[in-house]
């Protein structure tokens, strides 16, 4: 369970941030958030799918890292097992949020449940009441992620308007075990894509979304790679 | 003249009945397109609508979807909440507290596999109520949980559900939607007179500010007045006050003590000395009303009874009294006019039949309105037959609640007197004493209340059924699996489903996905 509070130069003046190249917080996650500007880079390593956020019902884009809940096949004690690491992992435990969307200002919040955030060891966050250069750089990355979240939402909105998303159930049969269904996944429907009118197709191009659409379709090849990985 | 086409429909009267019918017709006829059949609605700017009901049946989801209204828009603009059935309190006895649920979801459709005989034999556990043996929904409703999650699609439920709504706001929503999206023409005017043609059909409606309005077909949604079908055409009214004894209602709107007060997830219906009190939770207030028989309680006593039920919160609130004309027209459709809503029929709102039968009538009219005037008599006879059946069965079903009560007050004794129980109901009740309720008891496609509704009420009211030939029920193993499934679901859904208010807040913020 995550518990987020805003970073505060007074309250957290003695806190530090450690880095975890293993991304241990994702050890039990079979899906991880991904933003649209990462699709092309991620498509060579993971299936990109869409799921509904259980808290808001809104769609979001994710990479699949396991074929059942509680399983991350890319996590390994020797290091992350893919050539790409989604930015949300790199930014953890920081997140940028806009409490007031009209002003546009971002607030940096931290998951206080994370042991990476502690008063003992790591990079200092504040010095003499000011954010350190390290924190400024980490905050900048978190804000960049927050901005790409908006782009992802727009992209998903376009997919919904064009009715390109379809619910799919993946039926998986692990070796020597009973088949089971992985539900709640939504994919881009290739058939529907082929049936778009010229005008609809143009709207994808004008929104700079063609690359993202194709990245999602190509990432489907990674489903078999993921299943392979699960039996190793 | 008799081969003329029907190209225009005039709905006289707004409210839930008028706007729901106009919207449904315009949607079905594609009236927003040029050349389609025109739908016009005349509404008086001066007459307040009664707001017939604040509870619907699950059919409303399909109706709203058909009209192209987004579920989140409907919920938001009508202060609507999710209704998962009705809880009947104290209907069995005057002095021994008891309650039961009439729910919308059962683990097995009883027309396919009837669990009741196995429940009667104690296969679900010795002291398990019928409702909690066959459905998880009673427990969920008691906890005030919603029937769905934010990840469900619009109009899709984990459990089956209907709505509680503000009828005035609902009519406003339909009024906007019907005009802006569906192509309904709106005229704000008072009807002064209705003029008849030589053959007794409606020739025109005379208004104060919009002159003479003519159409090929008329829908009378003028409420209890029944201006067209009743007053102008002289179609008689058949009261059923000898079967259903209540004739008045007194209502109070009760604001919640705090903005985050929990919302009931089902209608509450609590028996009183001379009738019963409904209690419906919207987002901003409860709607509470005492439906009573003025032969057994004075208006003052009835209001006092309602105030006692509400408690001290009622002290500063105003009560409104309504007289109810209980019964139905001898015909609902006559020549070129059909009555829908209160102008057609009314029975006490015990099973939320009012809006439900408006939907049903609008659907049938949209489907059956003939292309040519010469085919009107055929449609008329089909419609009248169908709705006479539906109203009679609705009356039977409501009467069933009274017929099975053991309450001792004079009103209740009179309400279950055998000579006042329709023969059709007496017949099935007699067979159900030794036989299970059967799909063959509900052979009509347009049966208003399904077999499972009868079972919830029968067994909830403690109806004594002594099945003969127990060896006929050989599927105990299968039944046990269903009963087990209900217990699993009851446990699982309690963890998963959000509270009504929590879900509504999320819906206001995020909406439901169409996918």
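Residue B:400 passes every criterion in (1) surrounded by fewer than 18 Cβ atoms within 10 Å (Cβ to Cβ); (2) assigned to a helix (DSSP H, G or I); (3) touching a helix residue (DSSP H, G or I) at 6+ places or on another chain (Cβ under 7 Å) apart from (1).
Out of the residues in segment A:130-155 that are within 30 Å of residue A:194 (Cβ to Cβ) and under 14 Å from the mean Cα position of the chain (by Cα), state the one that is nearest to the other protein chains (Cβ to nearest Cβ).
A:153
For segment B:7-18, the criterion of being touching a helix residue (DSSP H, G or I) at 6+ places or on another chain (Cβ under 7 Å), at positive phi and assigned to a helix (DSSP H, G or I) is satisfied by at least one residue. Exactly one residue among B:202, B:198, B:206 is touching a strand residue (DSSP E or B) at 6+ places or on another chain (Cβ under 6 Å) and without any contact (Cβ under 8 Å) to a residue 40 or more places away in the chain, and that residue is B:206. With respect to the conditions (1) surrounded by fewer than 16 Cβ atoms within 10 Å (Cβ to Cβ); (2) assigned to a helix (DSSP H, G or I); (3) within 14 Å of chain A (Cβ to nearest Cβ), residue B:503 falls short on a single one, namely (1). Among the residues of segment A:46-72, those identified as touching a helix residue (DSSP H, G or I) at 6+ places or on another chain (Cβ under 9 Å) and more than 14 Å from every other protein chain (Cβ to nearest Cβ) are A:46, A:47, A:48, A:61, A:63, A:64, A:65, A:66, A:67, A:68, A:71, A:72.
Look at residue B:21 and say whether it is closer than 30 Å to residue B:274 by Cβ and either not assigned by TED's automatic domain parsing to the domain that holds residue B:448 or not in a loop (DSSP other than H, G, I, E, B) (or both). Here the answer is no, as residue B:21 does not meet what is asked.
Of these, B:437, B:457, which one is within 20 Å of residue B:275 (Cβ to Cβ) and either surrounded by fewer than 17 Cβ atoms within 10 Å (Cβ to Cβ) or assigned by TED's automatic domain parsing to the domain that holds residue B:131 (or both)?
Working: B:437 fails: within 20 Å of residue B:275 (Cβ to Cβ).
Residue meeting the stated conditions: B:457.
Would you mind finding the one in B:211, B:236 that is without any contact (Cβ under 8 Å) to a residue 60 or more places away in the chain and surrounded by fewer than 18 Cβ atoms within 10 Å (Cβ to Cβ)? Criteria check complete, one pass: B:211. For segment B:178-187, filtering for residues that are over 13 Å from residue B:41 (Cα atoms) and part of a helix (DSSP H, G or I) leaves 1. Please verify whether residue B:378 is surrounded by fewer than 21 Cβ atoms within 10 Å (Cβ to Cβ) and either on the phi > 0 side of the Ramachandran plot or free of Cβ contacts under 8 Å to residues at least 60 places away in the same chain (or both), treating the condition exactly as stated. It is true that residue B:378 is surrounded by fewer than 21 Cβ atoms within 10 Å (Cβ to Cβ) and either on the phi > 0 side of the Ramachandran plot or free of Cβ contacts under 8 Å to residues at least 60 places away in the same chain (or both).
Between A:170, A:193, A:187, the distinction of being more than 12 Å from chain B (Cβ to nearest Cβ), touching a strand residue (DSSP E or B) at 6+ places or on another chain (Cβ under 7 Å) and surrounded by 16 or more Cβ atoms within 10 Å (Cβ to Cβ) belongs to A:170 only. For segment B:403-418, the tally of residues that are farther than 18 Å from residue B:455 by Cβ, free of Cβ contacts under 8 Å to residues at least 60 places away in the same chain and in a helix (DSSP H, G or I) stands at 2.
Across segment B:479-497, the qualifying residues are those that are within 13 Å of another protein chain (Cβ to nearest Cβ) and surrounded by fewer than 16 Cβ atoms within 10 Å (Cβ to Cβ), and the one among them that is farthest from residue B:80 (Cα to Cα) is B:495.
Tally the residues that are assigned to a loop (DSSP other than H, G, I, E, B) and either buried (at least 21 other Cβ atoms within 10 Å of the Cβ) or away from chain A (no Cβ under 14 Å) (or both), restricting the search to segment B:143-153.
Adding up the residues that qualify gives 6.
Filtered by the rule that a residue be more than 15 Å from residue B:86 (Cβ to Cβ), modelled with pLDDT of 90 or more and in a helix (DSSP H, G or I), segment B:440-470 gives B:440, B:441, B:442, B:451. The sole residue among B:508, B:446 that is within 14 Å of another protein chain (Cβ to nearest Cβ), touching a helix residue (DSSP H, G or I) at 6+ places or on another chain (Cβ under 7 Å) and exposed (fewer than 14 other Cβ atoms within 10 Å of the Cβ) is B:508.
The values are calculated or read from the model by the stated rules, or taken from the named source; none is laboratory data. Since this is a predicted model, take the numbers as computed values, not measurements. As a convention, Cβ positions derive from the backbone with ideal geometry for all residues, glycine included, and neighbour counts pool all protein chains shown.
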